[in-house]
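The values are calculated or read from the model by the stated rules, or taken from the named source; none is laboratory data. Just so you know, these numbers come straight off a predicted model, no measurement behind them. In this analysis, Cβ positions are derived from the backbone assuming ideal geometry, glycine residues included, and neighbour counts consider all displayed protein chains. Quick note on the areas: whole protein, heavy atoms, side chains included, nothing else; ligands and nucleic acids left out. Shrake-Rupley method; radii C 1.70, N 1.55, O 1.52, S 1.80 Å.
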Amino acid sequence: MIVSLRRAAVLSAVAVLAPPLAAQRNVPSTYAITNAKLVLVSAPVIPKGTIVVRDGLIVALGANVAVPADARVIDGTGLTVYPGLFDSFGTIGLPVARPAAGAGGAAAAAAAAAPTRGGNGSSFDQPRGVEPELSAADQVKLDDDALDGPRSAGITTALTSPSTGVFQGQSALINLGGASSSAMIVRPNVAQQIGFSTGGRGGGGGGGYPGSLMGVFAVLRQELLDAQRYRDVRAAYDKNPRNMQRPEFDPSLEALLPALAKQQPVVMIANSQREIERALDLAKEFGLRIMIAGGSEAYLVADRLKADNVPVLLSINFPRRTVAPAADADPEPTRVLRERVEYPKGPGRLATAGVKFAFQSGGLTNWSEFTTNVQRAVEGGLSADNAVKALTLQPAELFGVGDRMGSLEAGKIANLTVTRGDLTDKGVRVSQLFVDGRPIALHPPAAANGAGGFQGRGGGGGGGTPPSSEIIDRETPE
């Protein structure tokens, strides 16, 4: 009897475990979205067609595509399918850095100036903030709660990198989904990142090193000069090592060699006209292949950007009035009024000048503004087609993955953004995402928190993007 009871208990446990295991083995890998508008980007729009996804890739699409027998069919009537949207610059997927308790004021400044390399007394000792050897690919973290915001805006792919310092390290291109952090990496070490502010991308100071803009450019030039000398000494030693002292390996200078050889682009974070001009001058001096990130006033130097063939990772975090002014409040400065009017016109002016650009969120905390600001750019003179390209094919080509992402084509990675309404229309709503061919559950943004962002997936609030089950489970549109 005891044996029988034990056996029964084991069988009961197996019975409880069996459904999830079976379900896991039988997760569909083939999907077909039918009767949907397909925006191919690289070819004309298909007003009503079918797209088939299998094993993470687009395998077929068109107006008369047969649906495979093993496909999970999704009725896309009233829906539009785009290539997955890119956020072309930011920190998505990286853990949020928090200062240590009590590490403020002088303690923070001392920590920032502490050497981070060459701890054996090397002449290459450098303070924090001059760390081109850092790799975002080593820091990416799969955190679904943190990814809910950008996913709710339709973003499937992002260029991410550390956000503080002068030489900030190397960015990584990531997909916003996967079984692990490593599975998110599409391409590591895409570009070197250089910042002109010691307080990070958001500015605001912070007591970092160096302490002034003049000091920033002195550090930039000195590090690049050191890298050039390091390159030349290493080349001379490799050519004829006899009777020559072996050069000391330096990871920071070594990391800059691909940039000096134009094998790796350098992203320079610059918003004002003067910053952009200085970035272009620095690139010319050292023969760097650069991109401008931010670029709020890039339209003011559009002719030079075009002549130098420098693309812009353009922020769409346009200035806007956030609260109604009080009756007795002072009028806003003319500069603020001008920026609010002119910045949304910048994308259209860059397009007219023939400057390549891709959109980035620019530090948005309220992700519902992402598509809203794209629409503001269209209202400012950018064509709808160019707006879609700036979110899809253009960044894919700039980051060297245009052969596998950025447009709807058979054989490309199945990153899809499915919307109700067109991206450039007011009232558009992201209904579904596919990342690497797998549907991603979307969680509605809750009410904005005190920082202007969204709560995690446990938050309430209505009016946001519906969970993916609204489409996937019901397999019919609303």
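Anything in the range 342-366 that is among the aliphatic types (A, V, I, L, M) and either part of a helix (DSSP H, G or I) or closer than 11 Å to Ala298 by Cα (or both)? List them, or say none.
First, pick out the residues of the range 342-366 that are among the aliphatic types (A, V, I, L, M): 350-351, 353, 355, 358, 364.
Result: Leu350, Ala351, Ala353, Val355.
From the list Val233, Val301, which residue is surrounded by fewer than 17 Cβ atoms within 10 Å (Cβ to Cβ) and not charged (D, E, K, R)? Let's see the steps before the verdict.
Details: Val301 fails: surrounded by fewer than 17 Cβ atoms within 10 Å (Cβ to Cβ).
On inspection, the qualifying residue turns out to be Val233.
Assigned to a helix (DSSP H, G or I) and either within 30 Å of Ser296 (Cβ to Cβ) or modelled with pLDDT under 95 (or both) - does that describe any residue in the range 265-272?
Keep residues of the range 265-272 that are assigned to a helix (DSSP H, G or I), which gives none.
There is no residue in the range 265-272 that is assigned to a helix (DSSP H, G or I) and either within 30 Å of Ser296 (Cβ to Cβ) or modelled with pLDDT under 95 (or both).
Condition test on Ala110, is it open to solvent by 60 Å² or more (accessible area, probe 1.4 Å), at pLDDT below 95 and in a loop (DSSP other than H, G, I, E, B)?
On the way: open to solvent by 60 Å² or more (accessible area, probe 1.4 Å): yes; at pLDDT below 95: yes; in a loop (DSSP other than H, G, I, E, B): no.
For Ala110, the condition - open to solvent by 60 Å² or more (accessible area, probe 1.4 Å), at pLDDT below 95 and in a loop (DSSP other than H, G, I, E, B) - is not met.
Please go through the range 229-255 and give me each residue that is without any contact (Cβ under 8 Å) to a residue 24 or more places away in the chain and among the basic types (Lys, Arg), ordered by number.
Just the residues of the range 229-255 that are without any contact (Cβ under 8 Å) to a residue 24 or more places away in the chain, to begin with: 229, 232-247, 249.
The answer is Arg229, Arg234, Lys239, Arg242, Arg246.
Taking the condition of being polar (S, T, N, Q) and open to solvent by less than 30 Å² (accessible area, probe 1.4 Å), how many residues in the range 256-295 meet it?
Qualifying residue count for the region: 1.
Name the pairs: first residue in the range 215-228 and in contact (Cβ under 8 Å) with a residue 40 or more places away in the chain and part of a helix (DSSP H, G or I), second residue of a type in the set (D, E, K, R) and open to solvent by less than 20 Å² (accessible area, probe 1.4 Å), Cβ to Cβ under 9 Å, at least 6 apart or on different chains?
Close Cβ pairs satisfying both conditions: Asp226/Asp250.
Yes or no, residue by residue, for (1) in a helix (DSSP H, G or I); (2) open to solvent by less than 20 Å² (accessible area, probe 1.4 Å); (3) within 23 Å of Ile276 (Cα to Cα); (4) modelled with pLDDT of 95 or more:
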position	(1), (2), (3), (4)
Thr156	no, yes, no, yes
Val190	no, yes, yes, yes
Ser197	no, no, yes, no
Gly203	no, no, yes, no
Tyr209	no, no, yes, no
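Return the total of residues in the range 238-255 being surrounded by 13 or more Cβ atoms within 10 Å (Cβ to Cβ) and either among the basic types (Lys, Arg) or part of a helix (DSSP H, G or I) (or both).
Going through the range 238-255, the residues surrounded by 13 or more Cβ atoms within 10 Å (Cβ to Cβ) turn out to be 247-248, 250-255.
Remaining after also requiring either among the basic types (Lys, Arg) or part of a helix (DSSP H, G or I) (or both): 251-255.
Counting residues in the range 238-255 that are surrounded by 13 or more Cβ atoms within 10 Å (Cβ to Cβ) and either among the basic types (Lys, Arg) or part of a helix (DSSP H, G or I) (or both) gives 5.
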